[in-house]
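A.B. asks: Here you go, one structure.
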Amino acid sequence: CTPVRSGHPGQLAADMNETLWAYCQSSLQNHLYENAIFLAERLCAETPSEASRLLLANCHYASGAPARACAILGNCSAPQNRYLLALCHVKLGRHLEAQRALLGSASPSADPTGTAIVPNGAAGLYLLGTICLKVQPQPPASLPRDDTNERSRAVLYFKRALELDPYLWSAYEALAALGKEFPPPPLPLP
């Protein structure tokens, strides 16, 4: 026979939510995605919030279902949710939607100077730079391709990412691949 818990119903619900959250995280860490999804769905049903939706979307993303994660994050506005939404759109080849998710605007051209504040700091800037390289204007076949604007913005995002995180090696690699100068990498950690 299990003991009956007594207490305030609100406290019991909070305890249940913490338990669901902890076991869901454990399932994710152990790559038990279906179990994690089940627990996160229960949490979302019990406590609908952007945080619980982020957890459920992370479960779907980790399980290889970015389209499901997109559907869950569709109306979210929290920065972490927007970052994961952008990752999902990239996986699905929807680069303009990924830019919109990171920039928080309807138009990716809203940041022509590459100075926008994006979710997840250096990682968000790096992601935005990689997206810029994938989003190329498609001129008519008779005209030469001019992708310098998107490439220039990508360079700005990569450099800003390195200002925030000088150990983001992927940004150094991206700048080198573009033939651009970059600050010297930091000394190795002791």
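The values are calculated or read from the model by the stated rules, or taken from the named source; none is laboratory data. Just so it is clear, the structure is predicted and the values come from calculations on it, not from any experiment. Cβ sites come from the backbone with ideal geometry, for glycine too, and all protein chains shown count toward neighbours. What goes into the accessible areas is simple: the full protein's heavy atoms, side chains included, and nothing from ligands, DNA or RNA. Shrake-Rupley method; radii C 1.70, N 1.55, O 1.52, S 1.80 Å.
A.B. asks: Of all residues in segment 163-179, which are in a helix (DSSP H, G or I), under 18 Å from the mean Cα position of the chain (by Cα) and over 20 Å from K134 (Cα atoms)?
C.D. replies: Answer for segment 163-179, where residues must be in a helix (DSSP H, G or I), under 18 Å from the mean Cα position of the chain (by Cα) and over 20 Å from K134 (Cα atoms): just L164.
A.B. asks: If you go through segment 72-81, how many residues are assigned to a helix (DSSP H, G or I) and open to solvent by less than 50 Å² (accessible area, probe 1.4 Å)?
C.D. replies: 3
A.B. asks: From the set of residues in segment 92-118 that are in a helix (DSSP H, G or I) and surrounded by fewer than 16 Cβ atoms within 10 Å (Cβ to Cβ), which is modelled with the highest pLDDT?
C.D. replies: L96
A.B. asks: State all residues of segment 59-71 that are in a helix (DSSP H, G or I) and either open to solvent by 30 Å² or more (accessible area, probe 1.4 Å) or at pLDDT below 95 (or both); if no residue qualifies, say none.
C.D. replies: Once the filter is applied, which keeps residues that are in a helix (DSSP H, G or I) and either open to solvent by 30 Å² or more (accessible area, probe 1.4 Å) or at pLDDT below 95 (or both), segment 59-71 yields Y61, A62, A67, R68, A71.
A.B. asks: Mind checking which residues of segment 46-58 are modelled with pLDDT of 95 or more and open to solvent by 50 Å² or more (accessible area, probe 1.4 Å)?
C.D. replies: If the condition is that a residue be modelled with pLDDT of 95 or more and open to solvent by 50 Å² or more (accessible area, probe 1.4 Å), then E50, A51, R53, N58 are the ones that fit.
A.B. asks: Take the residues in segment 119-150 that are over 21 Å from the mean Cα position of the chain (by Cα) and in a helix (DSSP H, G or I); name whichever of them is modelled with the highest pLDDT.
C.D. replies: So, considering only residues that are over 21 Å from the mean Cα position of the chain (by Cα) and in a helix (DSSP H, G or I), the one modelled with the highest pLDDT is N149.
A.B. asks: Then there's this: So, in segment 23-45, how many residues would count as being open to solvent by 60 Å² or more (accessible area, probe 1.4 Å), in a helix (DSSP H, G or I) and aliphatic (A, V, I, L, M)?
C.D. replies: Qualifying residue count for the region: 1.
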